[in-house]
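*Asks:* Attaching a single structure in structure tokens format; questions to follow.
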Amino acid sequence: AQSVTQPDIHITVSEGASLELRCNYSYGATPYLFWYVQSPGQGLQLLLKYFSGDTLVQGIKGFEAEFKRSQSSFNLRKPSVHWSDAAEYFCAVGGRMDSNYQLIWGAGTKLIIKP
Amino acid sequence: GAGVSQSPRYKVAKRGQDVALRCDPISGHVSLFWYQQALGQGPEFLTYFQNEAQLDKSGLPSDRFFAERPEGSVSTLKIQRTQQEDSAVYLCASSPGLVDTQYFGPGTRLTVL
């Protein structure tokens with residue numbers, strides 16, 4: 001079955017510290033991978049995506065993610081977080097399955113920033 | 001440029017009422033998706049349009065849910081005889097093609113009393 005797991009429901013990080021949010025997936029075809037961020041009352045904003053090529057992808061706001069096929073993972077990282085990064089982060093996987101296309105989403109990780 | 005817009009942003013309905021949620025995608029985007037997001041959860045796929053054709057409606061939870069996109073642009077998600085379990089945020093997304101980045105609207109928060 002297709003699924004996305006974000007093991008951490010909440011993560012608390014001090015401002016200026018590094019961040020890693022975990023994402024593991026199970027998918028029966030070549031996956032396309034996404035990280036989105038959702039701030040309170042806001043829509044989902046794309047941070048970065050992986051379709052093919054270099055497995056380390058750079059995104060907006062200083063985020064990056066690395067696709068590791070052998071581990072079925074696509075973890076999100078940032079070297080130094082800012083208070084404005086406090087939000088909920090969603091990992092999603094999609095691809096061509098049975099000629100249709102839909103995104104399968106994780107349950108999200110809420111990032112809390114300590115001053 | 002203009003992003004995806006949704007209206008209303010908030011909707012309160014009494015159980016049993018019908019509601020209609022509107023999505024205005026980014027101009028020229030071929031694909032349009034509807035998702036349902038329950039509190040504390042990730043979005044769940046409801047249905048997908050390519051232009052005016054509804055190619056996948058496998059995520060619609062019951063026959064009370066109906067979506068249309070008659071001219072391949074604006075889409076409406078209709079829920080008949082609303083139930084409390086329909087309370088959620090309904091998200092619309094559009095993308096230029098099939099396998100492409102999806103751009104999301106702000107969502108409509110539906111509360112069924």
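Where a number appears in this text, it was derived from the coordinates with a stated rule and is not lab data. Quick caveat, the model's predicted, so the values are computed rather than measured. We place every Cβ from the backbone using ideal geometry, glycine too, and count neighbours over all the protein chains shown.
*Asks:* Kirkwood hydrodynamic radius for segment B:5-90: how many Å is it when counted over pairs of different Cα atoms?
*Replies:* 13.3 Å
*Asks:* Moving on to the next point. Taking the convex hull of the alpha carbon atoms in chain A, what volume per residue do you get, in Å³? All intermediate terms of the calculation are to be shown ahead of the outcome.
*Replies:* Working: hull volume 11.5 nm³, N = 115.
Considering the Cα atoms of chain A, their hull volume per residue is 100 Å³.
*Asks:* Determine, from the Cβ-Cβ distance of A:Arg69 and B:Arg81 and an R0 of 30 Å, the FRET efficiency 1/(1 + (r/R0)^6), rounded to the nearest 0.05.
*Replies:* Using R0 = 30 Å, I get an efficiency of 0.05.
*Asks:* Using a Gaussian network model of chain B whose springs link C-alpha atoms within less than 10 Å, name the residue from B:Glu52, B:Glu71, B:Glu44 with the highest mean-square fluctuation.
*Replies:* Evaluated over chain B, the most mobile residue of the options is B:Glu71.
*Asks:* With just the Cα atoms defining each centre, how far is segment A:1-53 from segment B:6-22? Give it in Å.
*Replies:* Centre-to-centre distance over Cα atoms comes out at 30 Å.
*Asks:* Quantify how strongly other chains surround peptide B:41-53 by giving the mean number of their Cβ atoms within 10 Å of each of its Cβ atoms. Working shown, then result.
*Replies:* On the way: counts 5, 15, 9, 4, 7, 1, 1, 4, 0, 2, 0, 0, 0.
Mean partner shielding for this stretch: 4.
*Asks:* While we're here: Residue by residue through segment A:73-83, what is 3J(HN,Hα) from phi via Karplus (6.51 cos²θ - 1.76 cosθ + 1.60, θ = phi - 60°)? Round to whole Hz and write x for glycine and proline.
*Replies:* Per residue, the Karplus-derived 3J(HN,Hα) values read 10, 8, 7, 9, 9, 8, x, 8, 8, 10, 4 Hz.
*Asks:* A further question on this structure: For labels at A:Thr30 and A:Ser84 in the simple 7 Å Cα→Cβ model, what's the distance in nm?
*Replies:* Each label point lies 7 Å from its Cα, and together they span 3.6 nm.
*Asks:* Still on this structure, I have one more. Could you bin all the Cα-Cα distances of the protein assembly as shown into 5 Å bins starting at 0 and give me the percent of pairs in each, rounded to whole numbers?
*Replies:* 1, 7, 14, 18, 18, 17, 12, 7, 4, 1, 0
*Asks:* Summarise the partner chain shielding of B:88-99 as one whole number: the mean count of Cβ atoms from other chains within 10 Å of each residue's Cβ.
*Replies:* On the way: counts 0, 2, 0, 3, 1, 3, 0, 1, 0, 1, 5, 6.
Partner Cβ neighbours, averaged per residue: 2.
*Asks:* Full extension from A:Lys114 to A:Ser39: what is 0.36 nm times the residue separation minus their Cα-Cα distance, to one decimal in nm?
*Replies:* 25.3 nm
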